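Have a look at the structure below, then the notes.
The values are calculated or read from the model by the stated rules, or taken from the named source; none is laboratory data. Only a predicted model underlies this, so the values are computations on that prediction, with no experimental measurement involved. Neighbour counts run over all protein chains shown; Cβ positions are idealised from the backbone, glycine included.
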Amino acid sequence: MATVLATEKRLAVTTCWALCAPGGLCLIVSGFDAGLPAVTLAGFGVLVLGFIAHVVINAVFRTGFAPGELATGFVAFGVGLTVFILASLLGHRLDVADLAAGIAGFAALVACFLVYTVTRFGLKGAFSQFHHPGGRHGAG
């Protein structure tokens, strides 16, 4: 059974993303649709603020990201990036400014993840999260 603190953390995270995700996505879609890169970037900014708020919530409750939170974040990022790439390749009317805004927005999300990983685990620890020396890829 979940503890009261775990339940409060889940409620805080859910509230955070219930506010940031729809607002950010609406701004991103509206910016692309209207050809307004500043609105698109504002939408990505709202998603970055949601990520920062989630990190603050984790710090307050002295936890890290739960496996389900990580999975949800990676899947949402992957789906968003795939939709952006397909839209740009399949003829959606994205001009150079829209493409630049999309690339900058996704780059900002990647940068947030990298900064979080380095600040949470340190530079060596961040590298170790992705590379296991002598592990699966070792000689043998």
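Within the range 105-120, can one find any residue that is within 27 Å of residue 72 (Cβ to Cβ), at pLDDT 80 or above and not in a helix (DSSP H, G or I)? For the range 105-120, residues within 27 Å of residue 72 (Cβ to Cβ), at pLDDT 80 or above and not in a helix (DSSP H, G or I): absent. Restricting attention to the range 61-71, does a residue exist that is assigned to a loop (DSSP other than H, G, I, E, B), in contact (Cβ under 8 Å) with a residue 60 or more places away in the chain and either surrounded by 14 or more Cβ atoms within 10 Å (Cβ to Cβ) or at positive phi (or both)? No, that holds for no residue.
Listed by first and then second residue, the pairs linking a residue in the range 28-54 that is without any contact (Cβ under 8 Å) to a residue 40 or more places away in the chain to a residue that is small (Gly, Ala, Ser), with Cβ atoms under 7 Å apart and 6 or more places separating them unless they lie on different chains, are 39/30; 39/31; 46/23; 46/24; 50/21; 50/24. Could you please give the count of residues in the range 1-32 that are in contact with a helix residue (DSSP H, G or I) (Cβ under 9 Å, 6 or more places away or on another chain), part of a helix (DSSP H, G or I) and either on the phi > 0 side of the Ramachandran plot or small (Gly, Ala, Ser) (or both)? Of the residues in that region, 6 qualify. Quickly run through the range 33-42 and pick out the residues that are out of contact with any Phe, Trp or Tyr (no Cβ under 9 Å at 6 or more places or on another chain) and in a helix (DSSP H, G or I). Result: 33, 34, 37, 38, 41, 42.
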